[in-house]
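The values are calculated or read from the model by the stated rules, or taken from the named source; none is laboratory data. Being a predicted model, the structure only gives us computed values, none of them experimental. As a convention, Cβ positions derive from the backbone with ideal geometry for all residues, glycine included, and neighbour counts pool all protein chains shown. Heads up: the accessible areas ignore ligands, DNA and RNA and are worked out on the full protein's heavy atoms, side chains in. Shrake-Rupley method; radii C 1.70, N 1.55, O 1.52, S 1.80 Å.
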Amino acid sequence: MQDQTNSIFETAEVDTSSIAQLQSTSRWSFFIGIIYIILAALMVVLTVVIYANLDQVVNVLSSASGVSNEALEFLTANGKWVFLLMMLIVGFVLIINAIYLIRFRTSVRNFQLTNEEKQITFAFEHLTKYLMITTILSVISIALSVVAAVVYAIV
Amino acid sequence: MEPKTTLSEASSAAIKASTQWAKYAGVLTIVNLGLSFLQLILGFFKSNPGLFGSMISFLLSAVISLVMAINLLNYAKHARYGIQNGNSTSLYQALYHLKVYFTVMGVLFLIALGLMLLGILIGLITMITQL
């Protein structure tokens with residue numbers, strides 16, 4: 001049974017038009033990867049700016065309607081560390097995603113240059129990891145949406 | 001005769017693994033959309049004042065999410081069929097759907113980037129005129 005599966009796998013082929021599609025995909029993935037890196041860098045800058053001006057940020061928030069005193073006290077106490085942790089996690093996820101997307105592009109380009117079939121394996125391994133992270137993020141997003149919907153329905 | 005690259009067992013396995021995760025990501029995108037719709041309905045029953053804006057935003061995100069989810073699911077379906085049956089046409093279709101998925105995402109990022117730059121430009125012009 002295993003041998004039969006292997007023989008079916010070995011007959012699969014990609015032609016030049018399929019490779020052209022893959023190259024176009026990889027160019028977009030590279031672009032998206034670069035955008036992710038820029039976003040991560042912007043987040044670092046934003047975090048540093050907010051930390052450097054935390055007092056002013058708290059003053060602005062205190063004048064805004066809908067922000068409770070408890071929330072402001074939390075922000076000036078442990079809240080700033082929670083905020084820092086959140087920014088770090090989001091930045092880390094963005095960088096990891098960017099790395100996989102850029103590696104996907106690199107593998108496809110290497111295949112184009114060397115015609116080594118194993119580069120296709122590497123490319124799809126990187127793509128799989130990217131899709132895995134996307135799926136995990138979707139699960140987190142769904143969990144947060146459910147919590148938000150429940151809180152909204154109760155309040 | 002068009003040159004073709006025969007996929008090894010490792011490549012086929014890697015593509016198959018990617019189809020599995022693409023399917024999960026596609027299905028979860030649709031589930032997420034369903035939850036957003038549920039939130040919109042809740043907003044409707046609670047007479048949310050910003051309901052019209054929420055509806056426009058939901059419709060926009062629904063179209064984008066559906067296009068992306070459908071392309072991911074089509075990639076998974078065609079790639080799996082192509083690998084299992086050694087069908088080059090199905091693999092081509094799979095890669096086409098993968099390309100559309102990344103193109104849509106890239107174009108959205110370009111639009112977001114353009115809007116962000118426009119915002120910065122407007123902010124700078126406002127600052128300069130106020131000096």
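FRET efficiency for A:Ser62 and B:Ser61, Cβ-Cβ distance as r, R0 = 35 Å, nearest 0.05? Intermediate results must be reported in sequence, preceding the final value.
Numbers: r = 32 Å, r/R0 = 0.92.
In this case the efficiency is close to 0.60.
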Normalised contact order of chain A, rounded percent, pairs of Cα under 8 Å and 6 or more residues apart: 27
Accessible area of the protein assembly as shown belonging to carbon and sulfur atoms, whole % at 1.4 Å probe: 71
Between helix A:2-11 and chain A: long-axis angle, C-alpha atoms, 0 to 90°, nearest 10: 80
Debye log10 I(q)/I(0) at q = 0.10, 0.12, 0.14, 0.21 Å⁻¹ for region B:10-100, Cα point scatterers: -0.36, -0.48, -0.58, -0.90
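Can you give the relative contact order of region B:24-89 as a percent, counting alpha carbon pairs under 8 Å and 6+ residues apart? Can you show the working numbers first?
Working: 28 pairs, mean separation 29.3, N = 66.
44 percent.
Give the average, rounded to an integer, of partner chain Cβ atoms located within 10 angstrom of each Cβ in B:102-110.
Mean partner-chain Cβ count within 10 Å for B:102-110: 5.
Would you mind estimating how fast the protein assembly as shown diffuses translationally, via Stokes-Einstein at 25 °C and 0.890 mPa s with the Kirkwood radius over Cα pairs, in µm²/s? Please report the intermediate quantities before stating the final value.
On the way: Rh = 21.8 Å.
Using the Kirkwood radius from Cα pairs, D works out to 113 µm²/s.
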Helix B:51-85 axis, angle to chain B major axis (alpha carbon atoms, nearest 10°): 10
26 Å Cα cut-off, lysine pairs counted over the protein assembly as shown (separation 8 or more, or different chains): 18
CD proxy at 222 nm, helix term only [per DSSP H run n ≥ 4: -39500 (n - 2.57); per residue of chain B; nearest 500]: -32500 deg cm²/dmol
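Averaged over its residues, how many other protein chain Cβ atoms are within 10 Å of peptide A:139-151's Cβ atoms? Mind dumping the intermediate values first?
Numbers: counts 5, 0, 6, 6, 1, 1, 7, 3, 0, 3, 6, 1, 0.
Whole-number average of other-chain Cβ neighbours for A:139-151 is 3.
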Net charge, B:Tyr75 excluded, C-beta distance under 10 Å - Lys, Arg +1, Asp, Glu -1: +4
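Just checking the output field for B:23-31: average partner chain Cβ neighbours within 10 Å of each residue's Cβ?
Numbers: counts 2, 7, 10, 4, 2, 8, 5, 0, 5.
That average works out to 5.
Looking only at Cα atoms, what is the convex hull volume of chain A per residue, in Å³?
Values: hull volume 28.5 nm³, N = 155.
Hull volume normalised by residue count: 184 Å³.
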Radius of gyration, Dmax [region A:65-119; alpha carbons; angstrom]: 21.3, 63
